[in-house]
Structure formats: C-alpha cells, structure tokens
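For reference, the structure discussed in these notes is given below.
Computed from the coordinates by the stated procedures, all read-outs in this text should not be read as laboratory data. Because the structure is a prediction, the values reported are computed rather than measured. All Cβ positions, even for glycine, are placed from backbone atoms using ideal geometry, and neighbour counts span all protein chains on display.
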Amino acid sequence: MDFKTLVFYILSAIMVFAALRVITSRNPVHAALFLVLSFVTAGGIWLLLAAEFLAIVLVMVYVGAVMVLFLFVVMMLDINLDRLREGFWSYLPVGALIGILLVIEMALVLGGRYFGLEAMPEPPATQAGYSNTRELGRLLYTDYVYPFELASLLLLVAMVVAVSLTLRKRKGLRQVHPSDQVAVKRGDRVELVSMPAEKE
Amino acid sequence: MNFVVPDFYPAAAEILVAVMALVIMLASTFARRVASDLAYGLAQLTLVFAALVSVLVSPNLLAAVAAVISEVPLFGVRLAEVLMSLAEGYAANEVVATFSGMFIGDMLGGLLKVFSLLAVAIALLYGRGYLADRKMDRPEYYLLSLLMSLGMMVMISANHMLSLYMGLEMMSLSLYGMVAFDRDSPRATEAAMKYFVLGALASGLLLYGMSMIYGATGSLELSGIAQSIYHQAANKTVLVFGLVFIVAGLAFKLGVVPFHMWVPDVYQGAPTAVTLMISAAPKLAAFAITMRLLVYGLFELADQWQTMLMFLAVLSIVLGNLAAIAQTNIKRMLAYSGISHMGFVLLGLLAGVVDGDRNFALNAYSSAMFYAVSYVIMSLASFGMVILLSRAGFEAEAIDDFKGLNKRNSWFAALMMIVMFSMAGIPFFIGFFAKLSVLQAVVAAGYVWLAVLAVLMSVIGAFYYLRVVKIMYFDEPTDSTPIRAQGEVRFLLSANGLAIAVLGLLPQGLMSLCAYALLASL
C-alpha cells in the first residue's frame, strides 16, 4: 500500500465517521460542524484525484459560504429536538427495513464488480504544466456554454424569488430616499414670504 | 481542440424569451406606476412572439401545420400555400443539434413549445384579474412566468442530461416562488414549502439516476447514451439501477401515484391563478422530458421502464379517480383528476414496444402526446372557470360554489358542462378521443386487461364530473352575485370551452399534428 492509498483510506474513514455523526448527533450545531468536516475530507479526496480546482471550490463555497450560513440559521432557530424525535420509535421498524433493503440493493450494484478499477479504463497521464482549472474554464465557456448561461439565469430566478418573497414596504416607515434628496429644489425647502413692513 | 461557435438559429425562441425576461425586469424597476401593466403586456407579447418563432425555426412544423390547414374548407388551401412558402424560407428541414449537442431542434420540440407557450399566455390572461383583486399582480409574477416558460423550453429541447436538469430546475424554482407569491397566506406558504421539499427530493432522485447512467455509459448526451446501450458497451444492471431513480424522479414531476402526495396540497394551497399555471404547461414539459429521457435516451431499456410505468399508471388511474370522489374542494378534486389523467398519458407511453417489436411506438407515443395536449386544454378551461367564479374577497373553491350556476349564468354553466363531460371522456368531446386513442394503443399492444381497467375507472370517475354538472343545473343557487369578468377573459374562456367541443368533433387535425411530430423526430 503506497502513501496515496493510505491517505485515501484515512480521509474516507474520517468522512464516513463525520457523515454518520451528522445524522446521529443530538445537537444541530454539532451536526452542521460534522458536515463541514465531511466536506473538507471530501475536498481532500478530490485533491487525490487531481481535481484541485473542484476541491478548493468545495471548501470555499460549501464550507466557507453555505455551511456558515447554515450555522447561522441553526443557531438562530430554537429547534426543539424532542418534538422532531416524536414518533421516531414507531417509524423505526418500517424505516429500518426499507433502509436495509436499499443498502443491500445498492451494495449489490455499486460494489467493485461494476465500478471497480478493472471496470474503468485508466485515465491518461497528464503532462507537466497541465492545469485542471484552465481545462475546466475552457470547457465552461465553449462546450458547456449553454448550461453555463442557463445556470446564470437560474441564479437570477433565485434572486428574484428571494427578493419578491422578503421585500416588504411597510406603511409609516421612516426611510431615506436618496433619489428624493438629490432631486430636492430650493422651493421645496425654503419658502420666501413677502410681508409688509410693520411699524412698532 | 477547435471550438465552433454554436448555431444560435434553432434556439431563437429561447433567446428571445431570455432577453425579454431581462428587459421586463429592468423596465419594471424604472416604470414604477405602470410596472405591472407593462410587465404583463410585454410578457404576453413575448410569449406569443416566441410561439411564432418556435413555429418558424423548428423543422417541418410549418409544413405540417400547412398540411393540416389545407384540409379546412373555404380559405384553408390558400392559407396553406402561404405557410408553405414561409416554410421554405425559414425552417430547417431536418433535426438539428446545436450548443455541442446539448440542444436539439426537432418538430416534437417545436410543437410542444408552441402549446406550452400558448398555455402560459392563456393562464396569464385568466389569472390577471384574480391577481389584481388580491394585490398580487406585481411585475415579478410576470417575470417569473417568463423564466418558467424558458425553463420549459429548455426541457423540451434538451438533448443532454445537464441542459435537461437546468431547464427542470429553472421551471421548478420559478413555480415554487409563484406558489408562495401570496406571502401572507399561511396555506400558500405551506403549499410552497411542501412543493419545494418534495421537488428537491425528486430532483435529487433524478440526478442520482442520471449519475448512474453516466457511470454506466460514460455519456451525458442522450443520443450518446442510446448509442452506448445499443452497442452493449454499458452494464445492464447499473443501467436499470439508474433507470429506477430516473423513473421515480419523472413520476414526481408528472405527479403520478405513488409520487403524487404534493399534487392535491399544492393545487389547493396555491393561489388559483398559480394552480392554473402549474396544472397546464408544466405537464407538457414533464411529458417532454419523459419522452427525451426514456424514449430518446433509454429506448433499449423499454422492457424495463414499460413495466415500471404500468405500475405507476394503474395506481394513478385507480387512486386518482377514487380519491376524487371524496373531495368537496374543487381544486383538490381537479388535482386528483389530473393524477388520473397523467396515468392515462403513461398508459400511452407504456404501449410503445411489445416483445421487442417497435412498430407500435409511433402510434402509442402520439396518442400519449395527444392526451397530454388535450388535458392541458381541458385543465386551462376548468381552472379558468374556478377563477371566473372567484372575486375580490371570495374564493370559489368548494364544489358547492357551483350550485345553480345555470340560473346565474347559463352560458358559463354550459361551458363548464362541456369541460366536465370532456374530462369524463363522454363522446363527442376532445377528452373522449384522447382516451380512445390511448386505449387503442394499449389494446394494440395486447394489454386488454389494462384497457378494461382504465375504462372501468373512467366510468367511476364520471361520477364526480357529473356531480358538478348536476349541482350546476339542478340545485338552487346559494349565491346570487352576478358573474363579472373582463371582456377578453370571457371571450377566451368561451373560445377555450368551445375548442374542447370543436376539437372533439374534428380531432383529426390535432391528432395528425402529434403523429407528424413524432414521425419527424423519432
């Protein structure tokens, strides 16, 4: 067993452990942190596969942005675990039965027989100076430009929906309108009143 | 590796919709006062123009339309000649793939795009008054409808798992937002939440299945997948494993049993204008991706997926019809009826290949497509009637709200009767011919028991459709408010109801269009 394989097994063991803890830990904050751990180790495995750009993006986007947001939400909400766990034992037998069946079926198909090293051709060795990132960028802007553009529109949809669901204009709210401030004329602020002079 | 700039021409309609969505977004930010009128007008124009463009750019479609029109007496032949000359100028003659094979322009796609764009346009028109009464006609609604239409067009023209998924998500995300559009209504929010969670689950299932198929065939492009399976380069066990997940995901999106749980709740909880939107065009898009994935990509596995579809279809037809009887809410009733109608669409799809013989395919798939199109026409009319009876501060949701409609307005009562008769499959309305053609395909494929079961269940289903008719004609009205609607809504709803009757008398044109589309595209 060479060093790479050893690293792979260590990372995989950590990842499986973390993934299990995500669903078993009682505290939702701990669960979120374990999810972070499993993402980081998955990033490590991708590095072993020489997909360095994806690994870094996984850590930056998922760990850096998504999970931090997640943690914020989890910490802000007061989640009552006892209510969530209600009915756990009554559903357990059916759930466990289906779960075990699914695992057996998946293990039969996804085992080494069909997806093992023998089943897949070895990827061609890369030359020195080969850049995974450049290759991805080239593909994104050429062959995959159609889904890439669609993805940008998809993000637009998400933005429009989020704004339309949360932006509210309450009445009686004191707000600053910069455009009104800029458009102010002298006449709006100062009123010149001509008064006849009065003698005392 | 050389990169060739893709041919944008086949995707002209998609580009038009995308650009106009952005234009509407910008224009409505600046035009504060008239923003929603402007957005509505632009959206309608875009939808109609995009439908025209789709006709022009999709291969053979114009010629097929001309062939159908030339049968019409009086000016039909003359009009057909004009269309033919247009066809020579614009349309390509064969199936084109562009954007590195991610987009396919064929007649099937063109026809489905035209129908779904028009369905969205009609749904917007029916829903406008309803939204305005409830202070919901914000410009975002029209923007989201356009982006939803774009998603549907992408799905319909998808030739690659990635673009198919992108279109699906764009359509679904816009719909989730539209369901939750009435943000102060707890019921709408709950419906949106259910729709979102179950929809995300379905997308997950679909993606998992796609990754399995990719693992087995090494290709994401549907034609590449078909090639790889044909040459037996892929492992069958893995393929079938992926297929199960794909069928489950598709069943969620079509809303068939046992993946139907979201349908009644979402239909009932969403604002009626949005229910109208969900129940119409997205069904066509879901039909399109089912065709693309199962027939274009995984046709070699037809034996496997036909059995799966058979289970789904039987369960949907039985449960949809039985559960609809118990409903007192008309939106819920129509939701269950929609489930059973989707079961019929699946019946058409599963009759394609018999013992490895593919001669049945064309007939079966065109009957399924005809069924989907006629369901959309009927669904638009039925929810249009629900909207028509609603007014500011009042939702005509209970079936009892239709009581004595004949005394209040006999014309609309007659239209509703036509719709109900057609949905029940009573001759001679379009729903009858849709059911007939599907059943013919099923019998031809040798599944006589399936046809008998479907007919029995339709007879049971006729009960709840006829109950609405009975309530309209023989009960006393409890509500004597006159029915008010804008002129264009009255006109279009009447046209929609009459179309069901007229297409029922002359179904041949639409049927042959569907058959041409599949013949030219398969």
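Screening B:L450 on (1) under 22 Å from the mean Cα position of the chain (by Cα); (2) under 20 Å from B:M342 (Cβ atoms) shows it passes everything except condition (1). Selection of segment B:441-472 for residues being of a type outside the set (A, V, I, L, M, F, W, C), touching a residue at least 40 places away in the same chain (Cβ under 8 Å) and surrounded by fewer than 17 Cβ atoms within 10 Å (Cβ to Cβ) yields B:G446, B:R467.
Mind checking whether some residue in segment B:480-492 is among the aromatic types (F, W, Y), exposed (fewer than 15 other Cβ atoms within 10 Å of the Cβ) and within 19 Å of B:L380 (Cα to Cα)?
First, pick out the residues of segment B:480-492 that are among the aromatic types (F, W, Y): B:491.
Cutting the leftovers down to exposed (fewer than 15 other Cβ atoms within 10 Å of the Cβ) gives us B:491.
With the extra rule that they be within 19 Å of B:L380 (Cα to Cα), the set shrinks to B:491.
The answer is yes; a qualifying residue exists.
Yes or no, residue by residue, for (1) without any contact (Cβ under 8 Å) to a residue 60 or more places away in the chain; (2) in a loop (DSSP other than H, G, I, E, B); (3) basic (K, R):
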| site | (1), (2), (3) |
| --- | --- |
| B:P59 | no, yes, no |
| B:A63 | yes, no, no |
| B:P73 | yes, yes, no |
| B:L79 | yes, no, no |
| B:L86 | yes, no, no |
| B:L108 | no, no, no |
| B:V114 | no, no, no |
| B:A119 | no, no, no |
| B:Y142 | no, no, no |
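What about A:V63, is it more than 29 Å from the chain's Cα centre (by Cα), more than 14 Å from chain B (Cβ to nearest Cβ) and of a type in the set (V, I, T)? Break it down into steps so the answer makes sense when it comes.
On the way: more than 29 Å from the chain's Cα centre (by Cα): no; more than 14 Å from chain B (Cβ to nearest Cβ): yes; of a type in the set (V, I, T): yes.
So A:V63 fails the test.
Go through the residues of segment A:153-167 one by one and say whether even a single one is facing another protein chain (nearest Cβ under 10 Å), under 24 Å from the mean Cα position of the chain (by Cα), part of a loop (DSSP other than H, G, I, E, B) and over 22 Å from A:F53 (Cα atoms). Yes - at least one qualifying residue is present in segment A:153-167.
Entry remark, segment B:200-238: residues being over 28 Å from B:S100 (Cβ atoms) and either more than 14 Å from chain A (Cβ to nearest Cβ) or surrounded by 16 or more Cβ atoms within 10 Å (Cβ to Cβ) (or both) number 1 in total.
If you go through segment B:1-50 and pick out every residue that is closer than 17 Å to B:D106 by Cα and buried (at least 21 other Cβ atoms within 10 Å of the Cβ), you end up with 5. One residue stands out in segment B:170-184 among those that are assigned to a loop (DSSP other than H, G, I, E, B) and touching a residue at least 40 places away in the same chain (Cβ under 8 Å): the one that is surrounded by the most Cβ atoms within 10 Å (Cβ to Cβ), namely B:F181.
Does B:L131 qualify as being within 14 Å of another protein chain (Cβ to nearest Cβ), of a type in the set (A, V, I, L, M, F, W, C) and assigned to a helix (DSSP H, G or I)? Write out each step before concluding.
Values: within 14 Å of another protein chain (Cβ to nearest Cβ): yes; of a type in the set (A, V, I, L, M, F, W, C): yes; assigned to a helix (DSSP H, G or I): yes.
Taking the combined requirement at face value, the residue satisfies it.
In segment A:83-124, the residue that is nearest to the other protein chains (Cβ to nearest Cβ) out of those that are in a helix (DSSP H, G or I) and basic (K, R) is A:R113. Conditions: (1) within 11 Å of chain A (Cβ to nearest Cβ); (2) touching a residue at least 12 places away in the same chain (Cβ under 8 Å); (3) more than 26 Å from B:G101 (Cβ to Cβ); (4) hydrophobic (A, V, I, L, M, F, W, C). B:L47 meets all but one. Number of the miss? Going through (1) within 11 Å of chain A (Cβ to nearest Cβ); (2) touching a residue at least 12 places away in the same chain (Cβ under 8 Å); (3) more than 26 Å from B:G101 (Cβ to Cβ); (4) hydrophobic (A, V, I, L, M, F, W, C) one by one, B:L47 breaks only (1).
Candidates A:G137, A:G187, A:G129: the one that is farther than 30 Å from B:K236 by Cβ and either within 12 Å of chain B (Cβ to nearest Cβ) or outside any helix (DSSP H, G or I) (or both) is A:G129. Of all residues in segment A:11-52, those satisfying the criterion of being farther than 30 Å from A:S131 by Cβ and of a type outside the set (A, V, I, L, M, F, W, C) are A:R21, A:T24, A:S25, A:R26, A:N27, A:P28, A:H30.
Applying the condition of being part of a helix (DSSP H, G or I) and of a type in the set (G, A, S) to segment B:382-432 and asking which residue is farthest from B:L334 (Cα to Cα) yields B:S410.
In this structure, does A:P178 turn out to be away from chain B (no Cβ under 14 Å) and not basic (K, R)? First the steps, then the outcome.
Details: away from chain B (no Cβ under 14 Å): yes; not basic (K, R): yes.
When the stated conditions are applied, A:P178 passes them.
Against the conditions (1) in contact with a helix residue (DSSP H, G or I) (Cβ under 8 Å, 6 or more places away or on another chain); (2) within 30 Å of B:A313 (Cβ to Cβ), where does B:V502 fall short? Just the number, please. Here B:V502 meets the rest and fails (1). Selection within segment B:464-522: residues that are of a type in the set (S, T, Y) and not in a loop (DSSP other than H, G, I, E, B). The member of this set that is nearest to B:A323 (Cα to Cα) is B:Y464.
Quick one: is A:I79 within 14 Å of chain B (Cβ to nearest Cβ), farther than 30 Å from B:F3 by Cα and among the hydrophobic types (A, V, I, L, M, F, W, C)? No, not satisfied. Filtering segment A:1-30 down to residues that are assigned to a helix (DSSP H, G or I) and touching a residue at least 40 places away in the same chain (Cβ under 8 Å), which residue is farthest from the chain's Cα centre (by Cα)? In this case the residue turns out to be A:K4.
For segment B:502-519, which positions are surrounded by fewer than 18 Cβ atoms within 10 Å (Cβ to Cβ) and touching a Phe, Trp or Tyr at 6+ places or on another chain (Cβ under 7 Å)? The one that is surrounded by fewer than 18 Cβ atoms within 10 Å (Cβ to Cβ) and touching a Phe, Trp or Tyr at 6+ places or on another chain (Cβ under 7 Å): B:L505. Looking at B:M155, is it within 16 Å of the chain's Cα centre (by Cα), in contact (Cβ under 8 Å) with a residue 60 or more places away in the chain and facing another protein chain (nearest Cβ under 10 Å)? Here the answer is no, as B:M155 does not meet what is asked. Tallying residues that are touching a Phe, Trp or Tyr at 6+ places or on another chain (Cβ under 8 Å) and either under 15 Å from B:V443 (Cβ atoms) or assigned to a helix (DSSP H, G or I) (or both) within segment B:351-369 yields 5.
Out of A:L117, A:L108, A:L71, A:L101, one residue alone is within 30 Å of B:T217 (Cα to Cα) and surrounded by 11 or more Cβ atoms within 10 Å (Cβ to Cβ). It is A:L108. In the set B:Y165, B:Y230, B:Y142, only one residue is within 27 Å of A:L140 (Cβ to Cβ) and of a type in the set (F, W, Y); that residue is B:Y165.
For segment B:323-371, a residue qualifies if it is among the aromatic types (F, W, Y) and surrounded by fewer than 24 Cβ atoms within 10 Å (Cβ to Cβ), and exactly one does: B:F360.
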